[in-house]
1. Of the residues in the range 61-85, how many are part of a strand (DSSP E or B) and within 17 Å of Thr177 (Cα to Cα)?
2. Give me the pairs, please: first residue somewhere in the range 184-197 and farther than 16 Å from Leu85 by Cβ, second residue anywhere and of a type in the set (A, V, I, L, M, F, W, C) and in a loop (DSSP other than H, G, I, E, B), beta-carbon distance under 8 Å, and either six or more positions apart or on two chains.
3. Return the total of residues in the range 131-161 being loosely packed, with under 11 Cβ neighbours inside 10 Å and part of a loop (DSSP other than H, G, I, E, B).
4. I'm told Leu32 meets every condition in (1) more than 22 Å from Tyr185 (Cα to Cα); (2) surrounded by fewer than 11 Cβ atoms within 10 Å (Cβ to Cβ); (3) among the aliphatic types (A, V, I, L, M) except one. Can you identify the failing condition by its number?
5. Would you confirm, using the coordinates I've provided, whether Glu75 is crowded, with 19+ Cβ neighbours inside 10 Å and more than 26 Å from Asn18 (Cα to Cα)?
6. Looking at (1) closer than 15 Å to Thr31 by Cα; (2) in contact with a Phe, Trp or Tyr (Cβ under 6 Å, 6 or more places away or on another chain); (3) hydrophobic (A, V, I, L, M, F, W, C), which is the one condition that is false for Val114?
7. Among the residues of the range 81-98, which ones are under 18 Å from the mean Cα position of the chain (by Cα) and surrounded by fewer than 19 Cβ atoms within 10 Å (Cβ to Cβ)?
8. In the set Arg198, Arg172, which member is over 16 Å from the mean Cα position of the chain (by Cα), among the basic types (Lys, Arg) and either surrounded by 14 or more Cβ atoms within 10 Å (Cβ to Cβ) or part of a helix (DSSP H, G or I) (or both)?
Amino acid sequence: MHFYEPRHGHRLPHDPLNAIVAPRPIGWISTLSAACTRNLAPYSFFSLFSYTPPIVGFSSLGWKHSVANIAETGEFVWNLVTRDLAEPMNATATMRAVDEFAAANLEAAPSTLVAPPRVAAARAAFECRLSQMVQLTDASGTELPQWLVLGEVIGIHLDEELLENGVFQTARARPVTRGGGPADYFEITADALFRMRRPA
């Protein structure tokens, strides 16, 4: 077994941490600044944290536009990344101060309950209101330049073609998840499906 203490380095060509905790859902987050400037950015540290009420969250290394916009307005939208949107999603990972919707040739659609737009081509989107924003600390309590943003999902848009007898078909959407390394992604397809029922 290869053992290492992260504080001393991993001694490998690439940090394996995000390849081990993988694949991870992509937090494709759209926001508006207080001045109504649009922003769209992907975050690979993203997940669902609560079922009732539904709460999703992402972690940002640095005080980026998404975090600053959410701090100002208290709203954001999560957009599902599917295989057909993988390349446009990647194009929105730029650190340049641009309108990522325009830069990636993505059409925006109005949200219903929040101001930030959603990606019109996204087959699912969550409209969210900020519930918590937490600056992370290490085990000694030292503040890190990393912010965890949690939002309550108050509105959900679903492509009805992804429903079968009222059940959302995950693989039918062909969602894309983030792997490890500098460029690894995975597509979820039906051939990866297996089922297990919880024990009574």
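1. Step one: filter the range 61-85 for residues part of a strand (DSSP E or B), giving 61, 75-79, 82.
Subset that is within 17 Å of Thr177 (Cα to Cα): 78-79, 82.
Residues meeting the conditions: 3.
2. The qualifying pairs are Asp184/Ala22.
3. 5
4. Of (1) more than 22 Å from Tyr185 (Cα to Cα); (2) surrounded by fewer than 11 Cβ atoms within 10 Å (Cβ to Cβ); (3) among the aliphatic types (A, V, I, L, M), only one is false for Leu32: (2).
5. Values: crowded, with 19+ Cβ neighbours inside 10 Å: yes; more than 26 Å from Asn18 (Cα to Cα): yes.
Judged against the criteria, Glu75 is a match.
6. (2)
7. The initial filter retains those residues of the range 81-98 that are under 18 Å from the mean Cα position of the chain (by Cα), namely 81-95.
Arg83, Asp84, Ala86, Glu87, Asn90, Ala91, Ala93, Thr94, Met95 - these are the residues of the range 81-98 that are under 18 Å from the mean Cα position of the chain (by Cα) and surrounded by fewer than 19 Cβ atoms within 10 Å (Cβ to Cβ).
8. Exactly one residue qualifies, and that residue is Arg172.
Read-outs throughout are calculated quantities, based only on the coordinates presented, and are distinct from any laboratory measurement. As the structure is a computational prediction, the values presented were derived from the model and not from experiment. Virtual Cβ from ideal backbone geometry, glycine too; neighbours counted across all protein chains shown.
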